[in-house]
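Asks: Input: one structure, supplied below.
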Amino acid sequence: MIRDNRRLDLLLLAALISFMILPWYRLRSGFFGLGWVGDYLTDDRVWPGIAQLDRWWLWPMPVLLGLAGMLRLSMPPARRGGWLVILGAAGIAWMMAQGLSVGLRGWNWAALEALGPVDGQQAFGAGAIGILLCFAGFIAFGLAERGALKGDAFVLGSITLLIGLVALFVFYPLVSMFTGAFQDFDGSFTSEGVVRNIGDPKIWSLRCVTGSGGCGVAWRTFFLAMCTATGTTLLGLAFALVATRMRVPFKKGLRLLTVLPIITPPFVIGLALTLMLGRAGFVTQFIEDVTGWELGRWLYGLTGIWIAQMLSFTPISFLVLIGVVEGVSPSMEEASQTMRASRWRTFRRVSLPLMAPGIANAFLISFIESMADFGNPLVLGGNGGVLSTEIFFAVVGAQHDPARAAVLATVLLGFTLSAFLAQRLWLGRRNFATVSGKGDGGRHAALPRRVAWPVACVVFLWAAFTVFVYGLILFGGFVKIWGLDHTLTLEHYTRAFSVSWQDGIVWTGVAWNSFWTTMKIALIAAPLTAAVGLLTAWLIVRQRFPGRGLFEFALMMSFAIPGTVIGISYIMAFNLPPVQMTGTAMILIFCFVFRNMPVGVRGGVAAMAQLDASLDEASLTLGASSPRTLRRVILPLLRPAILAALVYSFVRAITSISAVIFLVSAKYNMATAYIVGLVENGEYGIAIAYSSVLIVVMITVIGTFQLLVGERRLRRQIEPAVQKRPKEVQA
Amino acid sequence: MTSPKRGAVAFKNVRKEFGSFIAIPDLSLQIAPGELVTLLGPSGCGKTTTLRMLAGLESPTQGRILIGGEDVTRLPANRRDVSMVFQSYALFPHMTVAQNVADGLESGGMKAGPARDVADKGLDLVGLDGMGARLPSELSGGQQQRVAVARALVLEPQVLLLDEPLSNLDARLRRRVRTEIRDLQQRLGFTAVYVTHDQEEALAVSDRIIVMQDGRIAQEGTPRALYEQPASDFIADFIGEANVVPCEVSHVADGVATVQVGGLTQTVPARNAAPGPAQLSVRANAITLQERDGPFAGKIVSSAYLGDHLEYEIDTDVGLLFAIDAEGDAPLRPGTPVSLGFRPRGLALIA
């Protein structure tokens, strides 16, 4: 009870500071620069909410805060909880209503003019956002005081905050975009564009099945995604099995190798494939010279995209699957073997089914990645694009047709959501807690021979192919003009990254500006993404709150939204009050966090599903609060998932292009957007040199992450495998 | 501060629903300080749910829960003065044994050094001194179990909760560990709530047993009361595998009932019985067998030799009876006709 009061006091204090001291409206110069402090007394634009009360729509704020204070003084926690929830909800509702209704120049909606003229207002600033957070806090603490979720204020606070963030950064932009689809240029309502696009045969045609022409873009994208998901999952599983279950040389190198493709800006692989297999590629020319066949443009289209996506996404499913393969309890396999199962039968009947949920996860992730992929189709798509590029061209191209973009986005969303649903229904019934609170020893069974050999071969070949492609990329940065003049040169590197010394370091290279911006933003976004993602995973797996399924569903949906759509929708949502962020670093960071978070969530969910729930419960009954339980018990056991989330979000922030290309500004330009510009200008040399440097930097940072997070300290120590009987030397 | 009620537990009209399933319709119970109470029942009877509500891991749908006189119904698990030994032990696999034991103390704000000392004492208490630096996976099952107990005990909780703590141990170890737990509880005088489905375990450790069935209390009392005065055929069967046979109470006088069963006439404590048909609980070891004709005849169906005693299944007029013969030395063959008798001490009318 004392604790309930103390935390409410702190919250009320925060609310007072937000309302009485912090600038209510957004500052053009930025809040964190603190440049506003000097103008505080003279400039009414930096005044707090209490000084803005000449705007009548802010009057409910002091009233609601006053009521909250009265509740605190007059009622014990158990009785006031419900009222606090109502207060908080009312506050948030009113803030949203007034923010959306009153824009820069008065009413946003013609229907409201009847209420009389109003002054315009700026977007929400620190004060307004602080108040919003405090209202969310009222809801969380009120629910805790009512005893919801066993009265855990931390859990309730996290849930409230996450729901608010997801609503703001996932749903609000989407809604803004769809409203945009139904608006004419002058802002009035029209459904003409949507109706025109919804039945377009270019999207839905199935003529390739009947043999008379090409299929619609929807079906082609679907087909591609199925192929990519199947291929990458199988390859990822093969890599995971080799890395964990086989005694092969260069295992560490294998892991490093599989990380390579995700740290590569997507169009670079496309570029390398073009240099190799394109019409003028050296492999193509070699084959044509030797055999006399005419290979032509076979690479451009689904085949090329598929190969590039296989290179790009196999490591992602490898990262997912390695945890799964390691998580299968060895005693299960040992049990099976003692039940007279052969190694093959053990693998097929025990190991594989236990891995099935993880495999389904990997498949889902690859499927959606492929559907949303933008970089590879942009480079290799040729004449037939896929949905994501079609969306892009629907907006930026000559056609500028937001309605078409919205329709295509809905189709894309339909596919990815169906995949998500199918996986959920199949996965929902299976839960294998293979890391229990009980220690179990034992060693993983070796792979049956009929699996081991093919798997090893495939992995070896793919690894070789990958090395080759990367060698090509690195090499490309050092030749004058690829395909024409193969003289070795450092010219590209010096143009991009030259440094000179004039009273300190001067970054004279053309790449430095975007490079430093990218690093800064990626390093801020990565830990945020991992934290939000894993916190969400923990809430979803461990807390039984009403609407949990819906919450998870909403989160996963954000994963299913392709980057192009996110980019456009962010522009449409955050360009005007009440929330205005375009042109800032903030919009890039939020974009990365909410775009990459679902992968952290999925990884966290998969990892946490293998942690017995009684571990959390034990910690709670030992007196640890839920944040402490998270920190002391869950996080140490989730290190691989944390590492994966950190690495993934960092790397994605650096290599992402689809959403970013809409959100960069002169002040905050990102490396990928800059490189795309170089490619458009035909400056392949610098583009490749810049990409190579990015790859090296990412490897360094990932290595550091790996050291920081460390290896998971599990019950199963890596013990020297029981010595096999020395094999006879083969003749 | 030690309140006079420290360690007392009360459930007041507690109801628990999981969605549409009613796990516990309406449960009220009292536990006195220093008492070891066992919740006993078949799986799905609500005993673990009751324990988890006491721990704060589930919230009751209705009703109140009090620990030490304080209403804790809405208090989260980490703010309740209880600790729990889990069926799976739930030892943190990434921490050493000593870290496991010290973790709760550090959660409570103790510095790492002193916490370590207390943890070492706790490990001494359960006979694991010197094992602190090991990982849980390097201990045997029995040792892991004792770490779990030590981890719960060092917090000096008002109430120690044990959720089937012995179910992962082998039979011999089970007997020893249950004695150790009982000893510790007697020595340190804490209140304990013990959940099990094993009636022998319950009889051995408890001050009082609460038998649960379908979320309700079927009967509660001392081990002896439950064993000797079962309130229903469920209890008679569940506690000590008694035979429940139909009988006829012919008359009742001075607290003694005269009962007709299977052609025999017996006197048993009346327990509020009235003349008329009734049920009689007959312990397996209260049946005597003789290889001859008699008023209560039966035929051996199967027999088993268990070293110190023989077990029989006997077909009789009142049904199949299970009997234990501690005196015979050679088992009777199946098919042998026998005459049955009763020892008075193993008989009880089911009230």
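Asks: What area, in nm² and to one decimal, does the C-alpha convex hull of chain B cast on average over all directions?
Replies: 21.6
Asks: If you roll a 1.4 Å probe over region B:234-351 with all protein chains in place, what percent of the accessible area is carbon or sulfur?
Replies: C and S atoms contribute 50 percent here.
Asks: Between the alpha-carbon centers of region B:155-211 and region B:264-329, tell me the distance in whole angstrom.
Replies: With region B:155-211 and region B:264-329 each reduced to a Cα centre, they are spaced 32 Å.
Asks: Counting alpha carbon pairs within less than 8 Å and at least 6 residues apart, what relative contact order, in whole percent, applies to chain A?
Replies: Rounded, it is 15 percent for chain A.
Asks: If you don't mind, there's one more thing I want to ask. Roll a 1.4 angstrom probe over the protein heavy atoms and tell me the percent of accessible area of chain A that is carbon or sulfur.
Replies: 66
Asks: Something else now. Please work out the average accessible area per residue across region B:245-349, using the 1.4 Å probe convention, and give it in Å².
Replies: Each residue of region B:245-349 exposes 53 Å² on average to a 1.4 Å probe.
Asks: Further question on the same structure: Nearest 500 deg cm²/dmol is fine: what mean residue ellipticity at 222 nm does chain A get from its DSSP H runs of n ≥ 4 alone, each adding -39,500 (n - 2.57), divided by its residue count?
Replies: The helix contribution divided over chain A gives -20500 deg cm²/dmol.
Asks: Between residue A:348 and residue B:173, what is the FRET efficiency for a Förster distance of 41 Å, r being their Cβ-Cβ separation, to the nearest 0.05?
Replies: 0.65
Asks: While we're on this one: Tell me, what is the FRET efficiency for residue A:491 and residue A:28 to the nearest 0.05, using R0 = 51 angstrom and their Cβ-Cβ distance as r? If you can, show how the numbers build up before the last one.
Replies: Details: r = 42 Å, r/R0 = 0.82.
It comes out at approximately 0.75.
Asks: Looking at chain B, identify the longest residue range that excludes and avoids all GluC sites (Glu not before Pro) in DSSP loops having at most 16 other Cβ atoms within 10 Å.
Replies: Values: sites that count: B:241, B:291, B:327.
Answer from the scan: B:1-240.
Asks: Averaged across the residues of B:147-153, what count of C-beta atoms belonging to other chains lies within 10 Å of each residue's C-beta?
Replies: Partner Cβ neighbours, averaged per residue: 1.
Asks: Turning to a different aspect of this structure: Averaged across B:98-111, how many Cβ atoms of other chains sit within 10 Å of each residue's Cβ atom?
Replies: Numbers: counts 0, 1, 2, 1, 0, 9, 6, 2, 5, 9, 3, 1, 0, 0.
The shielding value for this peptide is 3.
Asks: Given a cut-off of 30 Å, name the pairs among A:202/A:667; B:5/B:47; A:202/A:480; B:47/B:111 whose C-alpha atoms lie farther apart than that in the structure shown. Each step should come with its number before you reach the end.
Replies: Values: A:202/A:667 39 Å; B:5/B:47 24 Å; A:202/A:480 42 Å; B:47/B:111 36 Å.
Violating the 30 Å limit, Cα to Cα: A:202/A:667; A:202/A:480; B:47/B:111.
Asks: Let me ask you something else. Treating the angle as unsigned and between 0 and 90°, give the value, to the nearest 10°, between the Cα long axis of helix A:172-181 and the longest Cα principal axis of chain A.
Replies: For helix A:172-181, the angle is close to 90 degrees.
Asks: Show which aspartates and glutamates lie in cross-link reach of residue A:150 when reach means a straight Cα distance below 13 angstrom and same-chain residues fewer than eight apart are skipped.
Replies: Cα-Cα hits under 13 Å: A:617, B:58.
Asks: Got a number for carbon plus sulfur as a percent of region B:3-136's accessible area, 1.4 Å probe?
Replies: C and S atoms contribute 49 percent here.
Asks: Which whole-number value in Å² is the accessible area per residue of region A:2-146, probe 1.4 Å?
Replies: 53
Asks: How much net charge surrounds residue A:457 when only the other residues with a Cβ under 13 Å from the Cβ of residue A:457 are counted, with Lys and Arg +1 and Asp and Glu -1? If you can, show how the numbers build up before the last one.
Replies: Numbers: positive: A:449, A:450; negative: none.
Cβ neighbours under 13 Å give a net charge of +2.
Asks: Next question. Give me the summed buried accessible area for the A-B pair, 1.4 Å probe, to the nearest 100 Å².
Replies: Numbers: alone 34600 and 16870 Å², together 48410 Å².
Summed over both sides, the interface buries about 3100 Å².
Asks: Another question, if that's okay. Where does helix A:217-245 land angle-wise versus the long Cα axis of chain A, in degrees 0 to 90, nearest 10?
Replies: 70
Asks: Subtract the Cα-Cα distance of residue A:457 and residue A:665 from 0.36 nm times their separation in residues, and report this length gain in nm to one decimal.
Replies: 70.2 nm
Asks: Apply the Kirkwood formula to region A:2-146: the hydrodynamic radius equals the inverse of the mean of 1/r over all pairs of different alpha-carbon atoms; give it in Å with one decimal.
Replies: Radius from the Kirkwood sum: 16.1 Å.
Asks: Let me ask something additional. Return the calculated 222 nm mean residue ellipticity for chain B, to the nearest 500 deg cm²/dmol, obtained by summing -39500 (n - 2.57) across DSSP H runs with n ≥ 4 and dividing by the residue count.
Replies: Values: 8 runs with 84 residues, N = 351.
Value at 222 nm, helices only: -7000 deg cm²/dmol.
Asks: Give me the three principal axis extents of chain A from the C-alpha atoms, as integers in angstrom, largest value leading.
Replies: Extents along the principal axes, in whole Å: 91, 68, 62.
Asks: Please state the relative contact order of region A:2-146 as a whole percent: Cα pairs under 8 Å, 6+ residues apart?
Replies: 36
Asks: Would you mind checking the tilt of helix A:153-166 against the longest principal axis of the Cα atoms of chain A, expressed as 0 to 90 degrees and rounded to 10?
Replies: Around 80 degrees separate the two axes.
Asks: Further, regarding this structure: Taking DSSP loops as anything outside H, G, I, E and B, show the longest stretch in chain A free of GluC sites (Glu not before Pro) there with at most 14 other beta carbons within 10 Å.
Replies: Counting only loop sites that pass the neighbour cut-off, the longest clear stretch is A:295-710.
Asks: Okay, next question. For peptide B:69-77, how many partner chain Cβ atoms fall within 10 Å of a residue's Cβ, on average?
Replies: 5
Asks: Remind me, relative contact order of region B:245-349 in percent, using alpha carbon pairs under 8 angstrom and six or more residues apart?
Replies: Computed over region B:245-349, the figure is 31 percent.
The values are calculated or read from the model by the stated rules, or taken from the named source; none is laboratory data. The shown structure was predicted, so the numbers you read here are calculated from the model rather than taken from an experiment. Positions of Cβ are backbone-derived with ideal geometry, glycine not excepted, and every protein chain shown enters the neighbour counts. Ligands, DNA and RNA are stripped out before the accessible areas are found, and what is left, the full protein with its side chains, is counted by its heavy atoms. Shrake-Rupley method; radii C 1.70, N 1.55, O 1.52, S 1.80 Å.
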